[in-house]
Amino acid sequence: MPQEKAIATITNSIADFQMVINDAFLEKAEMLCPEILHHEARPVSEVSISREGNSWKAEWKGTVTDAMKRRYGRGDSLILDFGSHFVGYPHIVLKSVGSPQDAPAYVAVRFGETPAEIGESTADYHGSISSSWLQESTSHMDVLPGEIPLHRRYAFRYMQMTVLDTSPKYKLMIEDILVDTVSSADERALAPCREDLPEDLKKIDAVGARTLYECMQDVFEDGPKRDRRLWMGDFRVQALVNYETFKNYDLVRRCLYLFAGACMNEGQVGACLFTAPRVQVDDTALFDYSLLYVPTLYEYFEATGDRETLEELSETAFTQLRIAAGKLDERGIVRDDPSWWCFLDWNSELNKQAGAQGVYIYCLRYGLAIAELLGKEQEAALIRERLEEAAGAARKYLWEPDLGFFVSGEDRQVSWISQVWMVLAGVFSKEENCALLRRLKMVDPRIRLISPYAHHYYVDALCHNGMEKEITEYIRGYWGKMVEEGADCYWEVFDPLDPDASPYGSKAILSYCHAWSCTASYFIRKWL
Ligand code: RAM
């Protein structure tokens, strides 16, 4: 179906960046905008937070009732624990006690998904992304009683309030405190997980489902603390978990239309989208993220049987494959690049070439499935040809028989994620893939997996090659470890061998409820 395309040029940091808008698609996305469901949650205790070695721990200090009986003056502070992770709008009502309020109250609040964000000093933050993500706010309150004016939505379990000043004549008391929580996921829709599963796996699943729940807002956000937007890579895996849990098919459909409705130059699906004040694609393209639109569309059709959407969005999917084909060199290998051109994982030493080739082949397979389903013979023939070429080139130029691994880039780097994507790409037979996965575990190359997102694809590779037995142990050792360390939701980055790992140079800025980490629930529900 031909679509009218209006081209809007956006002044942006990338000189030739253009946004390609499809109004009809954006209108559909708008119509699918979900209702946001609200609940109320209150703090459950007062805690103290202290450092224990490299990590921060919260300890019970008292009841909320006692904390509300106390009077707070200049320099006083308290930390409340809401008992679990919440996303929403806090309402904190303060009153003055003593003489009449003869000066404004000046208060600071800080919210943390984990104790670390309360414990670490924000003044010491020197990370690579904006400190404005740190969840804190200071306010003057001229008239009491009154509510601390907090306009932002926060993602948190812990809240610290510090009184910066009152006056010598009056003090503050907390009159009321609650959070109006928001999510577009309906808790009642959550499909129960298998009754006969061991308790620890049920817990691992519950944390995954909670993570997804918190990230389901008017789009599938990557993290309700940060970046609070729709990233293609995160969206793909969120959709998979959603099919096994909340089954909000319309939210997936909405996001598919959003990506297709606001593309980058030549119709490339952007790495991420903003939805306010209007829909806008970011001026960042990632080779793998654009391509992952293809399996996401196919899987949506598989889950829903919605052929109309598949048909309407199939051109967007084929376009991604076409654009990716333009990045191949004369050998049929994806050209390497020193820029941040492809994501795969947060390992800063990672060379992305082989992984990118794997993603390309993998997505070609989904593109072929779509073309065949829709009876698009010409498209199918073209994809088939590209698939053979790309897989052949990978075997010829990237496979190193002496090492028994795929190599990447000029330095012929061997990394975990290159092998994972080549296995998922199905460049070799199942037996060879299994052997490769076993060798990978045994040799344990130094360039390992860092993000739960990369770990997802490793586990996926195990599942698709008949190695389901290995996955239970792996889920326990990875996602289970986060649970052991007190995770209410799964974290953006988790490297058990390097607990301080952060791609941004600080742990305080990390998102501790991150969409791409929720996939333990998918494996537990679908594969165990
Ligand atoms: C970060 C976010 C997001 C991820 C991108 C690549 O900004 O963590 O989830 O998809 O990086």
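How many residues are among the small types (G, A, S) and crowded, with 23+ Cβ neighbours inside 10 Å if we restrict to the stretch 336-370?
Qualifying residue count, the stretch 336-370: 5.
Report, by residue number, each residue of the stretch 396-417 that is assigned to a strand (DSSP E or B) and exposed (fewer than 15 other Cβ atoms within 10 Å of the Cβ).
E400
Tell me which of these D283 doesn't satisfy, since it passes every other one: (1) modelled with pLDDT of 95 or more; (2) more than 10 Å from the ligand (Cβ to nearest atom); (3) part of a loop (DSSP other than H, G, I, E, B); (4) surrounded by fewer than 24 Cβ atoms within 10 Å (Cβ to Cβ).
That leaves (1) as the condition not met.
Among the residues of the stretch 482-515, what is the count of those that are hydrophobic (A, V, I, L, M, F, W, C) and away from the ligand (no atom under 12 Å from the Cβ)?
8
Conditions tested, residue by residue: (1) under 22 Å from V359 (Cα atoms); (2) among the aliphatic types (A, V, I, L, M); (3) within 16 Å of the ligand (Cβ to nearest atom).
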{"site": "L230", "(1), (2), (3)": "yes, yes, yes"}
{"site": "Q238", "(1), (2), (3)": "yes, no, yes"}
{"site": "K247", "(1), (2), (3)": "no, no, no"}
{"site": "R253", "(1), (2), (3)": "no, no, no"}
{"site": "F301", "(1), (2), (3)": "yes, no, no"}
{"site": "E308", "(1), (2), (3)": "no, no, no"}
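Restricting the first residue to the stretch 32-48 and requiring it to be more than 12 Å from L178 (Cβ to Cβ), which pairs with a second residue that is loosely packed, with under 12 Cβ neighbours inside 10 Å meet a Cβ separation below 8 Å and a spacing of at least six or different chains?
Once the first residue is more than 12 Å from L178 (Cβ to Cβ) and sits in the stretch 32-48, its partners that are loosely packed, with under 12 Cβ neighbours inside 10 Å give S45/W60; E46/W60; E46/D66; V47/W60.
With the structure loaded, tell me whether R331 is assigned to a loop (DSSP other than H, G, I, E, B) and of a type in the set (K, R) or whether it fails that test.
The answer is yes for R331.
Name the residue, out of V459, V420, that is away from the ligand (no atom under 16 Å from the Cβ), over 25 Å from A206 (Cβ atoms) and not in a loop (DSSP other than H, G, I, E, B).
Being away from the ligand (no atom under 16 Å from the Cβ), over 25 Å from A206 (Cβ atoms) and not in a loop (DSSP other than H, G, I, E, B) holds for just one of V459, V420, which is V420.
Of (1) farther than 19 Å from G62 by Cα; (2) modelled with pLDDT of 95 or more, A116 satisfies all except one. Which?
Condition (2) is where A116 drops out.
For the stretch 117-175, enumerate the residues that are farther than 15 Å from V93 by Cα, in a strand (DSSP E or B) and touching a helix residue (DSSP H, G or I) at 6+ places or on another chain (Cβ under 9 Å).
E136, A155, F156, R157, Y158
Within the stretch 342-352, is even one residue among the charged types (D, E, K, R), within 16 Å of the ligand (Cβ to nearest atom), in contact with a Gly (Cβ under 9 Å, 6 or more places away or on another chain) and in a helix (DSSP H, G or I)? Steps first, please.
The first filter runs over the stretch 342-352 and keeps only residues among the charged types (D, E, K, R), leaving 345, 349, 352.
Narrowing further to those that are within 16 Å of the ligand (Cβ to nearest atom): 345, 352.
Checking which are in contact with a Gly (Cβ under 9 Å, 6 or more places away or on another chain) leaves us with 345, 352.
Right, trim to in a helix (DSSP H, G or I) and you get none.
Checked the stretch 342-352: no residue is among the charged types (D, E, K, R), within 16 Å of the ligand (Cβ to nearest atom), in contact with a Gly (Cβ under 9 Å, 6 or more places away or on another chain) and in a helix (DSSP H, G or I).
Pairs under 8 Å by beta carbon, first residue under 15 Å from L240 (Cα atoms) and free of Cβ contacts under 8 Å to residues at least 40 places away in the same chain in the stretch 192-215, partner surrounded by 20 or more Cβ atoms within 10 Å (Cβ to Cβ) and not hydrophobic (A, V, I, L, M, F, W, C), six or more apart or different chains?
Correct list of pairs: Y213/S183.
What number of residues within the stretch 257-268 satisfy the criterion of being within 15 Å of E312 (Cβ to Cβ) and either within 16 Å of the ligand (Cβ to nearest atom) or part of a strand (DSSP E or B) (or both)?
So the count comes out to 3.
Within 20 Å of M232 (Cα to Cα) and more than 13 Å from the ligand (Cβ to nearest atom): does that describe Y522?
Yes, satisfied.
Have a look at P277, P224 and point out the one that is more than 16 Å from the ligand (Cβ to nearest atom) and either touching a Ser or Thr at 6+ places or on another chain (Cβ under 6 Å) or part of a loop (DSSP other than H, G, I, E, B) (or both).
On the way: P224 fails: more than 16 Å from the ligand (Cβ to nearest atom).
When all the criteria are applied, what remains is P277.
Condition first: of a type outside the set (G, A, S) and buried (at least 24 other Cβ atoms within 10 Å of the Cβ). Now tell me which residues in the stretch 425-445 satisfy that. If you could, list the steps in order and put the result at the bottom.
Quick first cut of the stretch 425-445, residues of a type outside the set (G, A, S) only: 427-428, 430-434, 436-445.
Result: V427, single match.
Could you list, in sequence order, all residues of the stretch 135-152 that are surrounded by fewer than 14 Cβ atoms within 10 Å (Cβ to Cβ) and either modelled with pLDDT under 95 or of a type outside the set (A, V, I, L, M) (or both)? Walk me through it before giving the result.
The first filter runs over the stretch 135-152 and keeps only residues surrounded by fewer than 14 Cβ atoms within 10 Å (Cβ to Cβ), leaving 138, 140, 142-143, 149, 151-152.
Of everything in the stretch 135-152, those that are surrounded by fewer than 14 Cβ atoms within 10 Å (Cβ to Cβ) and either modelled with pLDDT under 95 or of a type outside the set (A, V, I, L, M) (or both) turn out to be T138, H140, D142, P149, H151, R152.
Have a look at Y289, Y298 and point out the one that is outside any loop (DSSP other than H, G, I, E, B) and over 19 Å from the mean Cα position of the chain (by Cα).
None of the others qualify; the one that does is Y298.
Considering only residues that are of a type in the set (V, I, T), within 18 Å of Y298 (Cβ to Cβ) and touching a Gly at 6+ places or on another chain (Cβ under 9 Å), which ones fall in the stretch 233-287?
Matches in the stretch 233-287: V241 only.
The values are calculated or read from the model by the stated rules, or taken from the named source; none is laboratory data. Please read these numbers as outputs of a predicted model, since none were measured by experiment. Cβ sites come from the backbone with ideal geometry, for glycine too, and all protein chains shown count toward neighbours.
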